[in-house]
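Below you'll find the structure, written out as structure tokens, and then a few comments.
The values are calculated or read from the model by the stated rules, or taken from the named source; none is laboratory data. The structure displayed is predicted, hence computed values, not measured ones. Here Cβ is always computed from backbone atoms with ideal geometry, including for glycine, and neighbour counts include all displayed protein chains.
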Amino acid sequence: MITRTLSRRAMLATPLAALATGGARSQGGYPDRPVRFVIPSAPAGPTDVMARMIQPGLTTRLGQPVLVVNRPGAGGNIGVVQVAKSPADGYTLLIASTGFVVNPSLYREPGYDPFRDFLPITELGSSPNVILVHPTSGITSIGQLLDTARRDKTRLDIINPGQGSTPHLTAELLQLRAGVTVENIPYNGAGPAIQALLAKTTPVGITALPPAHPHIKSGALRALAVTGSRRWFDLPDVPTMQESGYPYLVSETFQGMYAAAGTPQAIVQRVAADTLEVLKDPVVVEKLNAIGFDVRARGPEGLAERVAREVPLWRDIIVQSRIELQ
């Protein structure tokens, strides 16, 4: 099912990439006023963190202030739709996480089409998700967590950053494969979800690695496993889900930058080129790695390819998990 759907969507990726890379025309004077990045999630989440990490470098390269504006709500759809409906002039851009490619399959009326309404600028970075507990829980491994849930027939209440996020879908897959009952508790972004874990509102959570990273390093939260294909470089004691006995559970949260459809190609290329230069800065790379991001500076074609691959991938997982459409 996944293969067939991928093949169909891959056919649509070609015009998307072409829009992002061809037919540039001069747009002299851009930018001549501040540029806004709309973030469709709450402050302190991974997408917000990424935007603020590249903000200073882009302000310098564009020669105008770059403003970060958070527009959370409706699983991210409010901010995404705002950019889709904004003037296609390059002054309102979107930085969004994996929810951008998930929500068209999760919501009956998401309000946007990721292929028709947007032009890809560049993928920015990617990070594994991490399964977390408060240290006072006494839980030290995925095996212990699941064994306890099976033995006591208790429901696992798991905090996630939002409905349809890859942490949410990771929890759904865990429920399917591990034979435990999971109650997903969505929050409006990773930042609020982390704060709830720190406050011991709920003992278990799944988020992308960046917002959790400093709390893992400080010992405020305990990481049971990461969902990447390998251990994170500065968390060598945290196993992968594959190592914990769940080879199917490899998932990432990625961040991409998009412009509204119809944005002149010269502007798309200008922003892409400047962003790629910022992401080549060794200082920026080191900072992003240190907080849990793997830099993915791939430009318009690279992001178009990822969108074309992941839209059907997550749609199939939503169908298999029988998640009720929003």
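Summary of values
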read-out	value
Failed condition for THR275, given (1) assigned to a loop (DSSP other than H, G, I, E, B); (2) modelled with pLDDT of 95 or more	(1)
Residue in segment 197-209 that is surrounded by fewer than 22 Cβ atoms within 10 Å (Cβ to Cβ), of a type outside the set (Asp, Glu) and within 19 Å of the chain's Cα centre (by Cα) present	no
Lone unmet requirement of (1) within 21 Å of VAL49 (Cα to Cα); (2) modelled with pLDDT of 95 or more; (3) part of a helix (DSSP H, G or I) for PRO300	(1)
Residues being of a type in the set (Val, Ile, Thr) and under 20 Å from GLN326 (Cα atoms) - total across segment 138-189	6
Search result, residues across segment 112-147 that are polar (S, T, N, Q), touching a strand residue (DSSP E or B) at 6+ places or on another chain (Cβ under 9 Å) and farther than 17 Å from ILE39 by Cα	SER127, ASN129, SER137, THR140, SER141, GLN144
Unique match (being of a type in the set (Gly, Ala, Ser), closer than 24 Å to VAL101 by Cα and buried (at least 19 other Cβ atoms within 10 Å of the Cβ)) among ALA260, ALA297, ALA225	ALA260
Enumerated helices (runs of 4 or more DSSP H) restricted to segment 1-108, each holding at least 2 residues that are under 23 Å from VAL278 (Cα atoms) and at pLDDT 95 or above	46-62
Residue tally, condition part of a strand (DSSP E or B) and hydroxyl-bearing (Ser, Thr, Tyr), over segment 249-272	2
Among (1) touching a residue at least 12 places away in the same chain (Cβ under 8 Å); (2) outside any loop (DSSP other than H, G, I, E, B); (3) not charged (D, E, K, R), the one test that VAL285 misses	(1)
Any hit, segment 189-198, residues being under 30 Å from ARG36 (Cα atoms) and free of Cβ contacts under 8 Å to residues at least 12 places away in the same chain	yes
For VAL268: the one exception among (1) touching a strand residue (DSSP E or B) at 6+ places or on another chain (Cβ under 7 Å); (2) closer than 17 Å to ASN129 by Cβ	(2)
Residue among PHE100, PHE118 that is of a type in the set (Phe, Trp, Tyr) and more than 26 Å from GLN320 (Cα to Cα)	PHE118
ALA178 over 22 Å from the mean Cα position of the chain (by Cα), modelled with pLDDT of 95 or more, surrounded by 14 or more Cβ atoms within 10 Å (Cβ to Cβ) and not assigned by TED's automatic domain parsing to the domain that holds THR98	no
For GLU324: the one exception among (1) in contact with a helix residue (DSSP H, G or I) (Cβ under 7 Å, 6 or more places away or on another chain); (2) free of Cβ contacts under 8 Å to residues at least 40 places away in the same chain; (3) of a type in the set (Asp, Glu)	(1)
Tabulated pairs, segment 68-88, first under 17 Å from THR98 (Cα atoms) and outside the structural domain of PRO34 (by TED's automatic domain parsing), second at pLDDT below 95 and part of a helix (DSSP H, G or I), C-beta under 7 angstrom, 6+ apart or interchain	none
Count of residues meeting criterion [of a type in the set (Gly, Ala, Ser) and in contact with a Leu (Cβ under 9 Å, 6 or more places away or on another chain)] in segment 92-113	2
Qualifying residue in segment 309-320 (condition: touching a helix residue (DSSP H, G or I) at 6+ places or on another chain (Cβ under 7 Å), in contact (Cβ under 8 Å) with a residue 12 or more places away in the chain and either assigned to a loop (DSSP other than H, G, I, E, B) or of a type in the set (Gly, Ala, Ser) (or both))	no
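One line per residue, one yes/no per condition, for (1) within 21 Å of THR60 (Cβ to Cβ); (2) of a type outside the set (Lys, Arg); (3) not assigned by TED's automatic domain parsing to the domain that holds TYR30:
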{"residue": "GLY205", "(1), (2), (3)": "no, yes, yes"}
{"residue": "ASP234", "(1), (2), (3)": "no, yes, yes"}
{"residue": "SER244", "(1), (2), (3)": "no, yes, yes"}
{"residue": "VAL284", "(1), (2), (3)": "yes, yes, no"}
{"residue": "ASP294", "(1), (2), (3)": "no, yes, no"}
